[in-house]
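Enquirer: Dumping the structure here so I can ask a few things about it.
The values are calculated or read from the model by the stated rules, or taken from the named source; none is laboratory data. These numbers were taken from a predicted model, which means no experiment stands behind them. All Cβ positions, even for glycine, are placed from backbone atoms using ideal geometry, and neighbour counts span all protein chains on display. Side chains included, ligands, DNA and RNA excluded: accessible areas come from the protein's heavy atoms. Shrake-Rupley method; radii C 1.70, N 1.55, O 1.52, S 1.80 Å.
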Amino acid sequence: MKIHIKTYGCQMNERDSEALSGMLTQAGHIMVESEESADVLLFNTCSVREQAERKAKGKIGYMKKLKAKNPELVIGALGCMAQRLGDKLLDELPHLDFVLGTGQLHTLVPLIESIKADRRQVAAITESPEVLNSMGSHFRSKSDLTDFKAQIAITRGCNRFCSYCIVPYVRGREISREMNDVLDEARALVADGAKEIMLLGQNVAAYGWGGNINPPPSGISPFAELLEELDRIPGLLRIRFTSPYPTYFNDKLISTIASSRAVCHNIHLPLQSGSDRVLSAMNRQYTANQYRAVVAALKQAMPDVTFSTDVIVGFPGESDEDFRQTRELMNEVGYDNSFIFKYSPRPGAKSAEGEDSVPQEVKEERNAILLADLKRRVSEVLQTQVGSIQEVLVEGTSPRNPERWSGRTGTNRVIHFLPTLGVQPGSLRQVKITRAGSVSLFGELLPE
Ligand code: 5AD
Ligand code: SF4
(Lines give C-alpha, C1' and ligand atoms only; values in the text may rest on other atoms or scores of the structure.)
(Ligands and ions follow the chains in the order given, each with its own letter.)
Protein backbone atom coordinates (compact mmCIF):
# COMPACT_ATOMS: atom_id res chain seq x y z
CA MET A 1 0.00 0.00 0.00
CA LYS A 2 1.01 3.61 -0.48
CA ILE A 3 1.37 5.33 2.87
CA HIS A 4 1.79 9.00 3.77
CA ILE A 5 2.84 10.22 7.24
CA LYS A 6 2.54 13.78 8.45
CA THR A 7 4.36 14.58 11.67
CA TYR A 8 3.62 17.30 14.22
CA GLY A 9 5.64 18.31 17.26
CA CYS A 10 9.03 17.41 18.64
CA GLN A 11 12.09 15.53 17.42
CA MET A 12 10.91 12.40 19.23
CA ASN A 13 7.82 12.42 17.00
CA GLU A 14 10.03 12.92 13.93
CA ARG A 15 12.09 9.95 15.02
CA ASP A 16 8.98 7.82 15.72
CA SER A 17 7.66 8.60 12.24
CA GLU A 18 11.01 7.66 10.74
CA ALA A 19 11.03 4.35 12.61
CA LEU A 20 7.43 3.66 11.53
CA SER A 21 8.33 4.46 7.90
CA GLY A 22 11.19 1.98 8.20
CA MET A 23 8.87 -0.71 9.60
CA LEU A 24 6.24 -0.07 6.92
CA THR A 25 8.74 -0.25 4.04
CA GLN A 26 10.24 -3.45 5.46
CA ALA A 27 6.69 -4.86 5.40
CA GLY A 28 6.48 -4.04 1.67
CA HIS A 29 4.60 -0.74 1.78
CA ILE A 30 5.68 2.37 -0.09
CA MET A 31 6.02 5.75 1.61
CA VAL A 32 4.62 8.60 -0.52
CA GLU A 33 4.90 12.39 -0.28
CA SER A 34 1.42 13.30 -1.51
CA GLU A 35 -1.79 12.85 0.44
CA GLU A 36 -3.88 12.37 -2.72
CA SER A 37 -1.98 9.31 -3.93
CA ALA A 38 -1.97 7.51 -0.56
CA ASP A 39 -4.04 4.46 0.46
CA VAL A 40 -3.27 5.14 4.11
CA LEU A 41 -2.89 8.58 5.72
CA LEU A 42 -1.14 8.75 9.07
CA PHE A 43 -0.94 11.78 11.36
CA ASN A 44 1.66 11.59 14.13
CA THR A 45 0.28 14.12 16.58
CA CYS A 46 1.48 16.38 19.41
CA SER A 47 -0.29 17.47 22.60
CA VAL A 48 2.25 19.78 24.18
CA ARG A 49 0.28 22.95 23.46
CA GLU A 50 -3.35 23.46 22.51
CA GLN A 51 -2.35 24.96 19.17
CA ALA A 52 -0.59 21.71 18.16
CA GLU A 53 -3.73 19.69 18.82
CA ARG A 54 -5.93 22.20 17.03
CA LYS A 55 -3.73 22.04 13.95
CA ALA A 56 -3.75 18.24 13.73
CA LYS A 57 -7.49 18.01 14.36
CA GLY A 58 -8.14 20.63 11.66
CA LYS A 59 -5.98 18.74 9.21
CA ILE A 60 -7.56 15.35 9.94
CA GLY A 61 -11.02 16.94 9.72
CA TYR A 62 -10.18 18.25 6.28
CA MET A 63 -9.26 14.72 5.11
CA LYS A 64 -12.97 13.87 5.18
CA LYS A 65 -13.09 15.21 1.61
CA LEU A 66 -10.49 12.72 0.43
CA LYS A 67 -12.32 9.91 2.14
CA ALA A 68 -15.59 10.92 0.46
CA LYS A 69 -13.81 10.53 -2.91
CA ASN A 70 -12.08 7.32 -1.89
CA PRO A 71 -13.97 5.31 0.75
CA GLU A 72 -11.19 2.71 0.82
CA LEU A 73 -8.80 5.30 2.28
CA VAL A 74 -7.54 4.42 5.79
CA ILE A 75 -6.86 7.35 8.14
CA GLY A 76 -5.04 6.99 11.45
CA ALA A 77 -4.02 9.36 14.26
CA LEU A 78 -0.86 8.34 16.10
CA GLY A 79 1.15 9.56 19.05
CA CYS A 80 0.47 12.00 21.86
CA MET A 81 -2.95 13.44 20.97
CA ALA A 82 -4.16 9.97 20.00
CA GLN A 83 -3.01 8.76 23.43
CA ARG A 84 -4.62 11.67 25.28
CA LEU A 85 -8.01 11.55 23.57
CA GLY A 86 -8.34 7.88 22.55
CA ASP A 87 -11.98 6.98 21.73
CA LYS A 88 -13.03 10.61 22.07
CA LEU A 89 -11.05 11.43 18.95
CA LEU A 90 -12.85 8.66 17.04
CA ASP A 91 -16.21 10.14 18.14
CA GLU A 92 -15.15 13.64 17.21
CA LEU A 93 -13.81 12.61 13.80
CA PRO A 94 -16.00 9.73 12.57
CA HIS A 95 -14.05 9.35 9.31
CA LEU A 96 -10.95 8.46 11.36
CA ASP A 97 -10.27 4.70 11.23
CA PHE A 98 -7.94 4.33 14.17
CA VAL A 99 -6.02 6.00 16.96
CA LEU A 100 -2.70 4.48 17.96
CA GLY A 101 -1.16 5.74 21.19
CA THR A 102 2.48 6.29 22.10
CA GLY A 103 2.81 2.92 23.85
CA GLN A 104 1.44 0.93 20.89
CA LEU A 105 3.27 2.46 17.92
CA HIS A 106 5.14 -0.77 17.26
CA THR A 107 1.82 -2.48 16.38
CA LEU A 108 1.12 -0.17 13.42
CA VAL A 109 1.91 -2.65 10.62
CA PRO A 110 -0.47 -5.45 11.76
CA LEU A 111 -3.09 -2.86 12.78
CA ILE A 112 -3.25 -1.43 9.25
CA GLU A 113 -3.59 -4.95 7.83
CA SER A 114 -6.42 -5.80 10.22
CA ILE A 115 -8.31 -2.60 9.47
CA LYS A 116 -8.02 -3.23 5.74
CA ALA A 117 -9.46 -6.72 6.30
CA ASP A 118 -12.20 -5.70 8.72
CA ARG A 119 -13.30 -2.05 8.51
CA ARG A 120 -14.14 -0.75 11.98
CA GLN A 121 -12.87 2.02 14.23
CA VAL A 122 -10.05 0.94 16.54
CA ALA A 123 -8.43 2.72 19.52
CA ALA A 124 -5.16 1.12 20.68
CA ILE A 125 -3.79 3.11 23.58
CA THR A 126 -2.60 0.73 26.29
CA GLU A 127 0.96 1.37 27.43
CA SER A 128 3.32 -1.44 26.42
CA PRO A 129 7.00 -1.66 27.36
CA GLU A 130 7.63 -3.45 24.05
CA VAL A 131 7.52 -0.14 22.25
CA LEU A 132 10.91 0.74 23.79
CA ASN A 133 12.94 -1.83 21.88
CA SER A 134 10.69 -2.20 18.86
CA MET A 135 11.24 1.25 17.43
CA GLY A 136 14.84 0.86 16.29
CA SER A 137 14.26 0.75 12.56
CA HIS A 138 15.52 3.57 10.34
CA PHE A 139 14.21 4.92 7.09
CA ARG A 140 17.08 6.70 5.40
CA SER A 141 16.93 8.02 1.90
CA LYS A 142 20.24 7.72 0.09
CA SER A 143 19.51 10.66 -2.19
CA ASP A 144 19.14 13.07 0.69
CA LEU A 145 22.32 15.09 1.19
CA THR A 146 21.70 15.47 4.91
CA ASP A 147 21.47 11.73 5.29
CA PHE A 148 24.69 11.65 7.30
CA LYS A 149 22.63 12.81 10.30
CA ALA A 150 20.68 10.22 12.27
CA GLN A 151 18.66 10.16 15.47
CA ILE A 152 18.40 7.48 18.12
CA ALA A 153 15.75 7.48 20.86
CA ILE A 154 17.53 6.25 24.00
CA THR A 155 14.75 6.82 26.54
CA ARG A 156 10.99 7.07 26.23
CA GLY A 157 8.52 8.78 28.54
CA CYS A 158 9.13 11.17 31.44
CA ASN A 159 8.88 10.92 35.22
CA ARG A 160 9.36 14.56 36.09
CA PHE A 161 5.78 15.87 36.05
CA CYS A 162 6.54 19.54 35.53
CA SER A 163 3.19 21.07 36.45
CA TYR A 164 2.46 22.54 32.99
CA CYS A 165 3.43 19.48 30.99
CA ILE A 166 1.24 16.79 29.45
CA VAL A 167 4.16 14.61 28.33
CA PRO A 168 4.33 12.30 31.38
CA TYR A 169 0.60 11.56 30.88
CA VAL A 170 0.76 10.90 27.14
CA ARG A 171 4.17 9.28 26.86
CA GLY A 172 4.06 7.35 30.10
CA ARG A 173 6.82 6.43 32.54
CA GLU A 174 10.45 6.99 31.68
CA ILE A 175 12.27 3.90 30.43
CA SER A 176 15.80 3.55 29.08
CA ARG A 177 17.08 1.18 26.43
CA GLU A 178 19.89 -1.25 27.08
CA MET A 179 23.27 0.28 26.32
CA ASN A 180 24.18 -2.53 23.92
CA ASP A 181 21.02 -1.99 21.88
CA VAL A 182 21.82 1.69 21.54
CA LEU A 183 25.44 0.98 20.60
CA ASP A 184 24.41 -1.63 18.02
CA GLU A 185 21.98 0.83 16.49
CA ALA A 186 24.67 3.54 16.40
CA ARG A 187 27.23 1.20 14.80
CA ALA A 188 24.72 0.10 12.17
CA LEU A 189 23.90 3.73 11.36
CA VAL A 190 27.56 4.65 11.04
CA ALA A 191 28.17 1.62 8.79
CA ASP A 192 25.30 2.95 6.68
CA GLY A 193 26.87 6.40 6.30
CA ALA A 194 25.80 8.34 9.41
CA LYS A 195 28.42 10.81 10.67
CA GLU A 196 26.36 12.61 13.28
CA ILE A 197 24.00 11.06 15.79
CA MET A 198 21.45 12.93 17.87
CA LEU A 199 20.41 11.08 21.02
CA LEU A 200 16.79 11.71 21.95
CA GLY A 201 14.78 11.48 25.14
CA GLN A 202 12.35 13.66 27.09
CA ASN A 203 14.97 13.74 29.82
CA VAL A 204 17.88 12.30 27.93
CA ALA A 205 20.51 12.76 30.64
CA ALA A 206 18.47 10.53 32.97
CA TYR A 207 19.41 7.63 30.68
CA GLY A 208 20.11 4.43 32.61
CA TRP A 209 19.18 5.87 36.01
CA GLY A 210 16.15 3.63 36.47
CA GLY A 211 13.53 6.37 36.32
CA ASN A 212 14.71 7.76 39.66
CA ILE A 213 13.78 11.45 39.75
CA ASN A 214 16.76 12.31 41.95
CA PRO A 215 19.75 12.79 39.67
CA PRO A 216 22.84 10.61 40.26
CA PRO A 217 25.38 11.86 42.81
CA SER A 218 28.83 13.21 42.03
CA GLY A 219 30.99 10.78 40.06
CA ILE A 220 28.08 8.74 38.67
CA SER A 221 26.33 9.19 35.32
CA PRO A 222 25.09 6.26 33.25
CA PHE A 223 24.40 8.76 30.46
CA ALA A 224 28.07 9.80 30.49
CA GLU A 225 29.02 6.11 30.22
CA LEU A 226 26.88 5.82 27.11
CA LEU A 227 28.54 8.93 25.65
CA GLU A 228 31.98 7.44 26.37
CA GLU A 229 31.09 4.25 24.48
CA LEU A 230 29.60 6.14 21.53
CA ASP A 231 32.69 8.33 21.42
CA ARG A 232 34.76 5.21 20.67
CA ILE A 233 32.86 4.35 17.48
CA PRO A 234 35.24 4.95 14.55
CA GLY A 235 33.71 7.14 11.84
CA LEU A 236 31.15 8.74 14.14
CA LEU A 237 32.18 12.39 13.91
CA ARG A 238 29.60 14.08 16.07
CA ILE A 239 27.30 13.24 18.95
CA ARG A 240 24.52 15.54 20.09
CA PHE A 241 21.66 15.04 22.55
CA THR A 242 18.36 16.65 23.50
CA SER A 243 16.79 17.45 25.98
CA PRO A 244 18.64 17.11 29.27
CA TYR A 245 17.11 18.26 32.55
CA PRO A 246 19.56 20.79 34.08
CA THR A 247 20.20 19.01 37.37
CA TYR A 248 21.72 15.93 35.68
CA PHE A 249 24.89 17.81 34.74
CA ASN A 250 27.16 16.60 37.51
CA ASP A 251 30.99 16.57 37.47
CA LYS A 252 31.10 13.19 35.72
CA LEU A 253 28.81 14.19 32.85
CA ILE A 254 30.47 17.56 32.35
CA SER A 255 34.00 16.15 32.30
CA THR A 256 32.93 13.36 29.94
CA ILE A 257 31.52 15.84 27.43
CA ALA A 258 34.51 18.16 27.74
CA SER A 259 37.10 15.40 27.25
CA SER A 260 35.27 13.53 24.51
CA ARG A 261 36.33 13.46 20.89
CA ALA A 262 32.92 13.77 19.28
CA VAL A 263 30.35 15.12 21.76
CA CYS A 264 29.40 18.60 20.55
CA HIS A 265 29.91 21.70 22.67
CA ASN A 266 26.33 22.86 22.25
CA ILE A 267 23.94 22.16 25.06
CA HIS A 268 20.17 22.53 24.99
CA LEU A 269 19.44 23.43 28.60
CA PRO A 270 15.73 24.04 29.23
CA LEU A 271 15.33 26.95 31.64
CA GLN A 272 11.51 27.46 31.58
CA SER A 273 11.74 30.43 33.96
CA GLY A 274 14.38 32.51 35.75
CA SER A 275 12.17 33.15 38.79
CA ASP A 276 12.44 30.79 41.77
CA ARG A 277 8.80 31.36 42.61
CA VAL A 278 7.68 30.31 39.12
CA LEU A 279 10.20 27.44 38.92
CA SER A 280 8.78 26.06 42.13
CA ALA A 281 5.18 26.40 40.88
CA MET A 282 6.31 24.62 37.71
CA ASN A 283 7.70 21.80 39.86
CA ARG A 284 11.14 22.29 38.34
CA GLN A 285 13.65 20.90 40.81
CA TYR A 286 16.21 23.72 40.67
CA THR A 287 16.54 27.39 41.52
CA ALA A 288 17.74 30.09 39.16
CA ASN A 289 21.12 30.09 40.92
CA GLN A 290 21.46 26.32 40.63
CA TYR A 291 20.81 26.69 36.91
CA ARG A 292 23.43 29.45 36.74
CA ALA A 293 25.91 27.11 38.47
CA VAL A 294 25.36 24.41 35.82
CA VAL A 295 25.96 26.95 33.06
CA ALA A 296 29.10 28.21 34.82
CA ALA A 297 30.49 24.68 35.26
CA LEU A 298 29.86 23.87 31.58
CA LYS A 299 31.46 27.15 30.47
CA GLN A 300 34.44 26.53 32.69
CA ALA A 301 35.00 23.03 31.30
CA MET A 302 34.36 24.15 27.69
CA PRO A 303 35.04 27.84 27.04
CA ASP A 304 33.58 27.53 23.52
CA VAL A 305 30.27 25.95 24.66
CA THR A 306 27.04 27.42 23.27
CA PHE A 307 23.57 27.04 24.73
CA SER A 308 19.99 26.92 23.59
CA THR A 309 16.93 26.75 25.80
CA ASP A 310 13.16 26.46 26.24
CA VAL A 311 11.28 29.15 28.14
CA ILE A 312 7.60 29.52 28.94
CA VAL A 313 6.16 33.02 29.24
CA GLY A 314 2.86 33.71 30.97
CA PHE A 315 2.84 30.76 33.34
CA PRO A 316 -0.06 31.32 35.82
CA GLY A 317 0.87 34.04 38.28
CA GLU A 318 4.01 35.15 36.39
CA SER A 319 4.46 38.78 37.50
CA ASP A 320 6.45 41.55 35.82
CA GLU A 321 9.19 40.89 38.38
CA ASP A 322 9.21 37.14 37.63
CA PHE A 323 9.49 37.93 33.95
CA ARG A 324 12.27 40.45 34.58
CA GLN A 325 14.24 37.72 36.36
CA THR A 326 13.79 35.35 33.41
CA ARG A 327 14.95 38.05 31.01
CA GLU A 328 17.94 38.87 33.18
CA LEU A 329 19.05 35.25 33.46
CA MET A 330 18.63 34.70 29.73
CA ASN A 331 20.79 37.71 28.92
CA GLU A 332 23.37 36.55 31.42
CA VAL A 333 23.70 33.08 29.86
CA GLY A 334 23.63 34.45 26.31
CA TYR A 335 21.83 31.71 24.38
CA ASP A 336 22.50 31.07 20.74
CA ASN A 337 18.91 29.99 20.33
CA SER A 338 15.83 29.92 22.49
CA PHE A 339 12.45 28.40 21.98
CA ILE A 340 9.97 30.66 23.71
CA PHE A 341 6.50 29.33 24.35
CA LYS A 342 3.37 31.10 25.52
CA TYR A 343 1.85 29.13 28.37
CA SER A 344 -0.98 26.90 27.20
CA PRO A 345 -3.08 25.06 29.82
CA ARG A 346 -3.18 21.34 29.08
CA PRO A 347 -6.18 19.54 30.59
CA GLY A 348 -4.76 16.72 32.70
CA ALA A 349 -1.58 18.58 33.71
CA LYS A 350 -1.49 20.02 37.24
CA SER A 351 -1.23 23.72 36.35
CA ALA A 352 -4.39 23.50 34.22
CA GLU A 353 -6.41 23.03 37.44
CA GLY A 354 -5.77 26.71 38.21
CA GLU A 355 -6.59 29.80 36.21
CA ASP A 356 -4.63 30.72 33.07
CA SER A 357 -4.16 34.10 34.71
CA VAL A 358 -1.74 35.98 32.45
CA PRO A 359 -3.63 37.76 29.64
CA GLN A 360 -2.81 36.78 26.06
CA GLU A 361 -1.50 40.30 25.23
CA VAL A 362 0.97 40.08 28.11
CA LYS A 363 2.16 36.68 26.90
CA GLU A 364 2.60 38.12 23.39
CA GLU A 365 4.49 41.11 24.74
CA ARG A 366 6.86 39.02 26.89
CA ASN A 367 7.42 36.64 24.00
CA ALA A 368 8.33 39.55 21.70
CA ILE A 369 10.73 41.05 24.27
CA LEU A 370 12.65 37.79 24.68
CA LEU A 371 12.79 37.24 20.92
CA ALA A 372 14.16 40.76 20.38
CA ASP A 373 16.81 40.21 23.11
CA LEU A 374 17.81 36.95 21.44
CA LYS A 375 18.06 38.49 17.99
CA ARG A 376 20.26 41.31 19.25
CA ARG A 377 22.54 39.00 21.20
CA VAL A 378 22.92 36.47 18.34
CA SER A 379 23.95 39.12 15.81
CA GLU A 380 26.44 40.57 18.32
CA VAL A 381 28.01 37.22 19.11
CA LEU A 382 28.25 36.24 15.44
CA GLN A 383 30.23 39.47 14.78
CA THR A 384 32.82 38.35 17.33
CA GLN A 385 33.48 35.22 15.24
CA VAL A 386 34.71 37.11 12.15
CA GLY A 387 38.37 36.27 11.47
CA SER A 388 38.30 32.99 13.40
CA ILE A 389 38.81 29.53 11.92
CA GLN A 390 36.08 26.99 12.67
CA GLU A 391 35.49 23.36 11.88
CA VAL A 392 32.26 22.51 10.10
CA LEU A 393 30.55 19.29 9.20
CA VAL A 394 29.71 20.01 5.55
CA GLU A 395 25.97 19.70 4.89
CA GLY A 396 25.69 20.48 1.16
CA THR A 397 23.90 23.26 -0.71
CA SER A 398 22.43 26.08 1.37
CA PRO A 399 18.64 25.97 1.45
CA ARG A 400 18.29 29.59 0.23
CA ASN A 401 21.15 29.85 -2.26
CA PRO A 402 22.05 26.69 -4.19
CA GLU A 403 25.38 28.16 -5.32
CA ARG A 404 26.55 28.33 -1.74
CA TRP A 405 27.13 25.42 0.56
CA SER A 406 26.75 25.36 4.28
CA GLY A 407 27.95 23.43 7.26
CA ARG A 408 27.52 23.50 11.00
CA THR A 409 30.06 23.94 13.74
CA GLY A 410 30.04 21.62 16.74
CA THR A 411 28.68 24.63 18.62
CA ASN A 412 25.73 24.48 16.17
CA ARG A 413 26.40 27.65 14.17
CA VAL A 414 25.65 27.65 10.45
CA ILE A 415 28.46 28.77 8.13
CA HIS A 416 27.94 29.40 4.39
CA PHE A 417 30.81 29.08 1.93
CA LEU A 418 31.52 28.59 -1.76
CA PRO A 419 32.20 24.92 -2.48
CA THR A 420 35.53 23.83 -3.91
CA LEU A 421 36.16 20.78 -6.04
CA GLY A 422 36.05 17.57 -4.05
CA VAL A 423 34.26 18.90 -0.97
CA GLN A 424 31.91 16.20 0.30
CA PRO A 425 28.78 16.48 2.41
CA GLY A 426 29.42 14.72 5.69
CA SER A 427 33.11 15.66 5.89
CA LEU A 428 34.78 17.87 8.48
CA ARG A 429 36.46 20.97 7.02
CA GLN A 430 38.06 24.14 8.34
CA VAL A 431 36.47 27.45 7.37
CA LYS A 432 37.81 30.96 7.89
CA ILE A 433 34.99 33.30 8.89
CA THR A 434 34.87 36.40 6.69
CA ARG A 435 31.49 37.94 7.50
CA ALA A 436 28.60 37.63 9.95
CA GLY A 437 24.93 37.74 9.00
CA SER A 438 22.10 38.15 11.48
CA VAL A 439 21.63 34.42 12.11
CA SER A 440 24.56 32.71 10.36
CA LEU A 441 28.18 33.17 9.31
CA PHE A 442 29.96 33.35 5.95
CA GLY A 443 33.45 32.09 5.30
CA GLU A 444 36.05 30.55 3.02
CA LEU A 445 36.84 26.88 2.97
CA LEU A 446 40.51 26.30 3.81
CA PRO A 447 42.48 23.71 1.81
CA GLU A 448 42.53 20.24 3.38
N1 5AD B 1 2.55 25.51 27.56
C2 5AD B 1 3.58 26.11 26.92
N3 5AD B 1 4.75 25.51 26.68
C4 5AD B 1 4.90 24.24 27.12
N5 5AD B 1 5.93 23.39 27.04
C6 5AD B 1 5.58 22.22 27.61
N7 5AD B 1 4.31 22.30 28.07
C8 5AD B 1 3.88 23.55 27.78
C9 5AD B 1 2.66 24.24 28.00
N10 5AD B 1 1.64 23.67 28.64
C11 5AD B 1 7.23 23.75 26.47
C12 5AD B 1 8.36 23.60 27.48
C13 5AD B 1 9.09 22.38 26.99
C14 5AD B 1 8.86 22.49 25.48
C15 5AD B 1 9.09 21.25 24.71
O16 5AD B 1 7.51 22.89 25.39
O17 5AD B 1 9.19 24.75 27.38
O18 5AD B 1 10.47 22.39 27.30
FE1 SF4 C 1 7.57 17.76 30.32
FE2 SF4 C 1 9.16 18.40 32.38
FE3 SF4 C 1 9.21 15.91 31.38
FE4 SF4 C 1 10.23 17.92 29.95
S5 SF4 C 1 10.99 17.21 31.95
S6 SF4 C 1 8.84 16.29 29.16
S7 SF4 C 1 8.86 19.63 30.48
S8 SF4 C 1 7.46 16.90 32.42
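Enquirer: If you go through the stretch 333-348 one residue at a time, do you hit one that is more than 14 Å from ligand 1 (Cβ to nearest atom) and touching a strand residue (DSSP E or B) at 6+ places or on another chain (Cβ under 7 Å)?
Expert: Among the residues of the stretch 333-348, at least one is more than 14 Å from ligand 1 (Cβ to nearest atom) and touching a strand residue (DSSP E or B) at 6+ places or on another chain (Cβ under 7 Å), which makes the answer yes.
Enquirer: Name the helices (runs of 4 or more DSSP H) wholly within the stretch 66-119 that hold at least 3 residues that are assigned by TED's automatic domain parsing to the domain that holds Glu36 and surrounded by fewer than 24 Cβ atoms within 10 Å (Cβ to Cβ)? Write out each step before concluding.
Expert: Values: elements: 79-85, 87-92, 108-117.
In the stretch 66-119, 87-92, 108-117 are the helices (runs of 4 or more DSSP H) which contain 3 or more residues that are assigned by TED's automatic domain parsing to the domain that holds Glu36 and surrounded by fewer than 24 Cβ atoms within 10 Å (Cβ to Cβ).
Enquirer: Got a sec? Which helices (runs of 4 or more DSSP H) wholly within the stretch 178-264 have at least 3 residues that are within 16 Å of ligand 1 (Cβ to nearest atom) and under 22 Å from Val392 (Cβ atoms)? Please lay out each step first, then the result.
Expert: Working: elements: 179-191, 222-231, 251-259.
Result: empty, no element qualifies.
Enquirer: If you don't mind, there's one more thing I want to ask. Which of the residues belonging to the stretch 325-359 are open to solvent by 60 Å² or more (accessible area, probe 1.4 Å) and in a helix (DSSP H, G or I)?
Expert: Answer for the stretch 325-359, where residues must be open to solvent by 60 Å² or more (accessible area, probe 1.4 Å) and in a helix (DSSP H, G or I): Arg327, Glu328, Asn331, Glu332, Lys350, Glu353.
Enquirer: Filter the stretch 377-435 for residues that are assigned to a loop (DSSP other than H, G, I, E, B) and of a type in the set (Lys, Arg); which is modelled with the lowest pLDDT?
Expert: The extreme case among them is Arg400.
Enquirer: When Gln285 is evaluated against the numbered criteria (1) more than 21 Å from Cys158 (Cβ to Cβ); (2) within 16 Å of ligand 1 (Cβ to nearest atom); (3) open to solvent by 50 Å² or more (accessible area, probe 1.4 Å), which criterion, by number, is the only one it fails?
Expert: Going through (1) more than 21 Å from Cys158 (Cβ to Cβ); (2) within 16 Å of ligand 1 (Cβ to nearest atom); (3) open to solvent by 50 Å² or more (accessible area, probe 1.4 Å) one by one, Gln285 breaks only (1).
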